[in-house]
Amino acid sequence: MSPAELIWKEESNMFYRQFIILALSIVMLGCVGSSSDNKDGPLVLGTITSFDMEYINVDASFDLLVVEVASDNESNNIQQIILSINDNDSPSDLTEQASNVAIWAFVIRTQANPIGIYQAEDIEVKLFRGYSRSNANNDTDLYLFKDRDVADITYVGISGWISFDSVNDTTYEVQFQQETNTELGLTSGPVVTVSGSIVNLESLGSLF
């Protein structure tokens with residue numbers, strides 16, 4: 001083989017290697033992009049199921065978690081756990097998702113790092129349809145947790161229980177009734193049982 005042929009062969013091999021590297025890079029970038037935008041296999045943060053789909057039509061897995069802690073006037077830490085179900089077209093960025101309207105949101109407000117069984121009537125447990133949070137007041141005062149709630153429909157936990165075996169191993173079964181007057185705390189309509197689980201709180205931590 002002549003020197004010219006050897007040079008041509010080497011250049012061809014180098015071009016081929018560069019082409020393969022470029023092609024693999026494009027494929028890898030495509031996989032990364034699709035994994036961040038793909039909602040087909042999201043990390044499961046918990047589950048929620050309604051026993052009466054006619055009144056509360058939810059049977060799904062949570063795909064977003066927000067954990068916040070504030071102090072009351074006696075310096076007791078109060079924890080807010082929001083698990084929500086979001087639309088497939090919502091932003092991939094978690095902070096942007098948290099400010100978007102959620103299809104459903106399951107909210108628990110109790111003492112920080114709860115362990116044990118809590119009765120729903122002794123703590124604040126709510127289920128929201130079409131939920132978002134008002135940014136009218138960014139104070140972290142305990143009482144502003146509920147003041148920032150914005151939803152199409154609000155259901156209040158009137159009985160049932162939530163069992164925290166640990167911060168990432170929780171089960172619940174709560175009876176909800178639709179809230180008709182927030183200021184007076186009035187509810188009406190059928191009482192619907194909702195059950196499920198909460199996982200991965202410990203591994204994800206707080207977004208805010």
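Couple of notes before you dig in:
- Within region 35-84, strands (runs of 3 or more DSSP E) holding 3 or more residues that are modelled with pLDDT of 80 or more and open to solvent by less than 70 Å² (accessible area, probe 1.4 Å): 46-50, 64-71
- Region 127-155, residues that are touching a Lys or Arg at 6+ places or on another chain (Cβ under 8 Å), open to solvent by less than 60 Å² (accessible area, probe 1.4 Å) and either at pLDDT below 95 or among the β-branched types (Val, Ile, Thr) (or both): Arg133, Ser134, Phe145, Arg148, Asp149, Ala151, Ile153, Thr154
The values are calculated or read from the model by the stated rules, or taken from the named source; none is laboratory data. Being a predicted model, the structure only gives us computed values, none of them experimental. Heads up, the Cβs are rebuilt from the backbone with ideal geometry, glycines too, and the neighbour counts pull from every protein chain shown. To get the accessible areas, we keep the full protein, side chains included, count just its heavy atoms, and leave off ligands, DNA and RNA. Shrake-Rupley method; radii C 1.70, N 1.55, O 1.52, S 1.80 Å.
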